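This report refers to the structure that appears directly beneath it.
The values are calculated or read from the model by the stated rules, or taken from the named source; none is laboratory data. Since the model is a prediction, treat every value here as computed from it, not as a measurement. For neighbour counting, all protein chains shown are included, and Cβ atoms are generated from backbone atoms with ideal geometry for every residue, glycine included. Ligands, DNA and RNA are excluded from the accessible area calculation, which covers all protein heavy atoms including side chains. Shrake-Rupley method; radii C 1.70, N 1.55, O 1.52, S 1.80 Å.
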Amino acid sequence: MYNATYPCKNKTHAACSNNVAKQLGMRIIKTIDDGDCFFDTLATYGWAYHYERLERPHQELRQALVDYMEENMGEVAPYVIVNENEGETIDSMIQSLREDMVWNNDMGDLLSQIAAKAFRVNIYIYNVDPPEIRRLRANQMVYPGPPIHMLRINDGHYQLLLPQEDAPHVI
């Protein structure tokens with residue numbers, strides 16, 4: 001599933017993140033680690049590129065993604081990992097995503113794939129796990145427009161990467 005690997009001699013997530021951003025000619029757009037960071041990166045990308053499907057508050061993007069999941073349950077359900085011992089169901093996991101500041105690390109890769117399809121956007125996730133960074137391409141189809149590049153730190157916190165020339169007008 002990972003389609004590229006970047007070595008990182010540094011031992012900290014921050015140093016590795018800065019290293020890969022520099023290698024890619026990008027700048028890190030930081031987000032608050034509050035459970036909304038994935039949706040915040042989508043919204044920031046939408047505003048940066050005036051991409052209509054994503055150019056709205058992160059709360060609306062969260063609701064739109066959950067709506068898409070519910071409308072396409074037959075396609076989504078086989079990939080959702082449910083911890084039945086803790087009383088989870090697919091419906092309860094998806095409903096918990098409706099709540100602001102809620103993130104389920106077990107659904108991370110799945111949500112990026114669903115978001116790519118729902119919003120018809122190319123997404124690359126750079127999983128920062130020293131001593132390397134692995135890049136995941138979330139979408140199977142290729143959509144028009146520049147891709148979203150996200151850092152995923154500690155398997156759960158997302159930050160946006162933007163090309164140096166695009167970053168200044170976003171900050």
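Selection of segment 84-114 for residues being open to solvent by less than 60 Å² (accessible area, probe 1.4 Å), farther than 23 Å from ILE148 by Cβ and out of contact with any helix residue (DSSP H, G or I) (no Cβ under 6 Å at 6 or more places or on another chain) yields GLY87, GLU88, SER92, MET93, SER96. Screening segment 117-162 for residues that are in contact with a Gly (Cβ under 8 Å, 6 or more places away or on another chain) and modelled with pLDDT under 90 and picking the one that is most open to solvent (accessible area, probe 1.4 Å) gives ASP155. The C-beta contact set for segment 79-103 (first residue among the basic types (Lys, Arg), second residue surrounded by 13 or more Cβ atoms within 10 Å (Cβ to Cβ), distance under 8 angstrom, 6+ apart or interchain) comprises ARG98/ARG62; ARG98/GLN63; ARG98/VAL66.
Note on segment 45-69: among residues that are open to solvent by less than 20 Å² (accessible area, probe 1.4 Å) and not small (Gly, Ala, Ser), the one that is nearest to TRP103 (Cα to Cα) is ARG62. Beta carbons closer than 9 Å, at least 6 apart along the sequence or on distinct chains, pair a first residue in segment 1-14 that is within 24 Å of SER112 (Cβ to Cβ) with a second that is open to solvent by 90 Å² or more (accessible area, probe 1.4 Å) and modelled with pLDDT of 85 or more for TYR6/GLN23. Scanning segment 127-154 for residues that are more than 24 Å from ASP34 (Cβ to Cβ) and touching a residue at least 60 places away in the same chain (Cβ under 8 Å) yields PRO131, GLU132, ARG134, ARG135, ARG137, GLY145, PRO146.
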